[in-house]
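Novice: Take this structure first; my questions come after.
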Amino acid sequence: MLQLGAHVVTPRIFYIHHGIYLGNGLVAHYRGFEHGLRIGPIETVSIERFTRGHPLRVLIEATSCFSGAEIAQRALSRIGENRYRVLSNNCEHFCEWCVHAEQRSYQVDRLLRWIFWPLRLTRNVIARATRALGVPTTAVSCHSSDRGCEQ
């Protein structure tokens, strides 16, 4: 049996969709791109509509700042909000705010680490090669003789 304020998730093809259980078979979630390219607001839907035939799982929170009733109330306070942003205000950000008072998406964090991993690797290889070759690293400074510099 689902508890009021439970942080629920359901898998999609490329991500995990997040919501907050409100009781009576209803879930608050950020609709986002659920209906194609038209972005949707935070809304209340049935569990069936939330899962769209996929399994439902409850995230077990190690700690929470709020009781289940407070989490549900926080979710309800944002119903109708229509400021969805994939990288900075998605369904996981919404649920993390409801449960922990922190806008965060672990999925976005993992994606960005994966995307920027080759750049960090390249930077580290160059830095090690530079040190190994004894190439001095100097700070770029602006001299008064340079064009466009102000003193």
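Novice: Would you mention how many residues in segment 1-18 are surrounded by 19 or more Cβ atoms within 10 Å (Cβ to Cβ) and closer than 23 Å to residue 110 by Cα?
Specialist: First, pick out the residues of segment 1-18 that are surrounded by 19 or more Cβ atoms within 10 Å (Cβ to Cβ): 5-10, 17-18.
Within this subset, residues satisfying the condition of being closer than 23 Å to residue 110 by Cα are 7-10, 17-18.
Adding up the residues that qualify gives 6.
Novice: Something else: Can you pull out every residue in segment 42-79 that is β-branched (Val, Ile, Thr), farther than 14 Å from residue 22 by Cα and in contact with a helix residue (DSSP H, G or I) (Cβ under 9 Å, 6 or more places away or on another chain)?
Specialist: Of all residues in segment 42-79, those β-branched (Val, Ile, Thr) come to 42, 44-45, 47, 51, 58, 60, 63, 71, 79.
Filter again for farther than 14 Å from residue 22 by Cα, leaving 51, 60, 63.
Answer for segment 42-79, where residues must be β-branched (Val, Ile, Thr), farther than 14 Å from residue 22 by Cα and in contact with a helix residue (DSSP H, G or I) (Cβ under 9 Å, 6 or more places away or on another chain): just 63.
Novice: Can I ask one more? How many residues does segment 19-47 hold that are surrounded by 14 or more Cβ atoms within 10 Å (Cβ to Cβ), assigned to a strand (DSSP E or B) and modelled with pLDDT of 95 or more?
Specialist: Pass one, segment 19-47, residues surrounded by 14 or more Cβ atoms within 10 Å (Cβ to Cβ): 19-23, 26-32, 34, 39-45, 47.
The next check asks that each one be assigned to a strand (DSSP E or B); those that pass are 19-23, 26-32, 34, 39-45.
From what is left, the residues that are modelled with pLDDT of 95 or more are 19-23, 26-29, 42-45.
Residues that pass the stated criteria total 13.
Novice: Working only within segment 48-73, note down all residues that are of a type in the set (D, E, K, R) and either part of a loop (DSSP other than H, G, I, E, B) or touching a residue at least 40 places away in the same chain (Cβ under 8 Å) (or both).
Specialist: 52, 57, 61, 70
Novice: Next up: So, in segment 55-110, of the ones that are farther than 22 Å from residue 24 by Cβ and aromatic (Phe, Trp, Tyr), which residue ends up modelled with the lowest pLDDT?
Specialist: That would be 106.
Novice: Just to verify a result, which residue in segment 4-18, among those that are at pLDDT 95 or above and not in a strand (DSSP E or B), is farthest from residue 61 (Cα to Cα)?
Specialist: 4
Novice: Next question. Return the pair list, or none, for Cβ contacts closer than 7 Å from residues in segment 74-91 that are in contact (Cβ under 8 Å) with a residue 60 or more places away in the chain and under 16 Å from residue 105 (Cα atoms) to residues that are of a type outside the set (Lys, Arg) and in a loop (DSSP other than H, G, I, E, B), at least 6 apart or on different chains.
Specialist: Taking only residues 6 or more apart or on different chains, the pairs are 90/84; 90/105.
Novice: In this structure, does residue 81 turn out to be surrounded by 18 or more Cβ atoms within 10 Å (Cβ to Cβ) and of a type in the set (Asp, Glu)?
Specialist: Details: surrounded by 18 or more Cβ atoms within 10 Å (Cβ to Cβ): no; of a type in the set (Asp, Glu): yes.
The answer is no for residue 81.
Novice: Scan 127, 132 and give me the residue that is among the hydrophobic types (A, V, I, L, M, F, W, C), at pLDDT 70 or above, out of contact with any helix residue (DSSP H, G or I) (no Cβ under 6 Å at 6 or more places or on another chain) and surrounded by 10 or more Cβ atoms within 10 Å (Cβ to Cβ). Spell out how you get there, then give the answer.
Specialist: Numbers: 132 fails: surrounded by 10 or more Cβ atoms within 10 Å (Cβ to Cβ).
Just a single option satisfies the conditions, and that option is 127.
The values are calculated or read from the model by the stated rules, or taken from the named source; none is laboratory data. Since the structure is predicted, the reported quantities are computational estimates derived from the model, not experimental observations. Ideal geometry is used to build each Cβ from the backbone, glycine not excepted, and the neighbour counts take in all protein chains shown.
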